[in-house]
Each structure stands twice: as structure tokens, then as C-alpha cells.
Amino acid sequence: TLRLIALCCALSVNVAHAKDDDFKKPITVDSKTHFVDGKRKTSIFRDDVHVQQGSLQIDADEVEVNASKGEGQEVFIARGEPAVYRQDMEDGTTIKAVAKEIRYQVSARTLTLSGEAELHQNSSMVRGESITFNLDKQQLLAEGQKGENGRVTTVFRPEAKPESEDK
């Protein structure tokens with residue numbers, strides 16, 4: 001329990017707030033192929049897919065967009081070996097996430113990473129089978145694989161001091 005509390009405190013310090021301007025910008029998707037199912041209100045982009053919304057970027061082999069709940073409620077599901085997400089934070093740092101599947105819920109501003117998921121910021125990293133990260137609330141939940149050996153790994157690296165301070 002003490003480890004969990006320490007981990008939560010450390011992550012709240014390390015996880016910065018995403019740039020608000022990013023969420024006001026249009027979302028652009030670029031790919032080699034694009035299939036639209038107007039009846040189901042879904043699109044599938046394949047082959048070298050790049051999604052961008054301000055500094056938010058997702059690169060994947062395939063991205064499925066479900067717009068059935070209406071404008072502004074879209075869900076982007078990126079799949080790849082791995083799919084990669086990057087975004088600049090308000091404090092100038094960059095968050096990078098990799099996973100076999102990255103689900104970005106536009107209205108909730110939430111990322112869900114599944115399958116060999118990793119989230120990196122500065123020199124810290126969280127790794128698990130799945131990671132859910134709320135960009136607005138700065139909350140993260142990482143889970144290991146189901147079963148006895150399912151674990152979550154978190155690495156904290158101290159900031160490097162300039163050499164002149166060491167002397």
C-alpha cells in the first residue's frame with residue numbers, strides 16, 4: 001500500500017497537463033488508403049497512418065474512427081506494431097506512448113493503451129499490459145496482464161545535476 005501511495009504521488013508530479021490549444025484544433029488524418037462506411041459512421045485508414053491535432057500525433061498501421069455518437073464524440077482506435085502517440089505538454093515536456101492499440105476518446109480526452117503498453121515522460125516510464133491516461137485530469141491507471149504474473153513496471157530516474165554542482 002505504501003508503494004502504491006508513493007507511486008501515485010510521484011506520477012502526479014511527473015505527469016503534466018496537455019496543451020489546451022491542441023484540443024481546439026481540427027483533427028487531420030493522412031494515410032495511403034481510406035474506407036468509409038456511411039451507414040455505420042465509421043472510417044478505416046490503412047498503411048502509414050498519421051493523425052494530428054495540434055501537437056498531438058498518432059502514427060499507426062491502421063486507424064479506425066467511430067463517429068456514431070456525433071461530432072466531437074469520435075473515438076480513434078490506432079493499431080500497430082506498435083502504434084505511437086506523442087503530445088507536447090503545457091510545461092514544455094513531451095509525452096510518448098507506445099502500444100499495439102491506442103484508443104483516443106476525443107470528448108473525454110482519454111488515451112487507453114493496450115498490448116505491451118508504455119508511457120514515457122522526461123526520464124520516467126510506466127509499462128503494463130494496459131494504461132489509461134486522462135489528459136485533462138492528469139490521472140493514470142496501469143494494469144498488468146491478468147493472472148498471477150501480471151505486473152506493472154514503473155521507472156523513475158533522478159534529474160541529472162550539472163557537473164559544476166558535483167564538485
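The values are calculated or read from the model by the stated rules, or taken from the named source; none is laboratory data. These figures come from a predicted structure and were not determined experimentally. Every residue, glycine among them, receives a Cβ derived from its backbone with ideal geometry; neighbour counts consider all protein chains shown.
Evaluating Q145 against the criteria (1) at pLDDT 90 or above; (2) closer than 20 Å to R79 by Cβ; (3) more than 12 Å from the chain's Cα centre (by Cα) leaves one unmet condition, (1). Name the single residue that is modelled with the lowest pLDDT among those in the stretch 9-33 being of a type in the set (D, E, K, R) and closer than 15 Å to Q87 by Cβ. Residue satisfying both the conditions and the ranking: K19.
Screening the stretch 30-43 for residues that are more than 18 Å from Q105 (Cβ to Cβ) and surrounded by 14 or more Cβ atoms within 10 Å (Cβ to Cβ) and picking the one that is nearest to the chain's Cα centre (by Cα) gives S31. Taking the stretch 53-84 as the range and being at pLDDT 95 or above and closer than 14 Å to D22 by Cα as the test, the residues that pass are Q57, I58.
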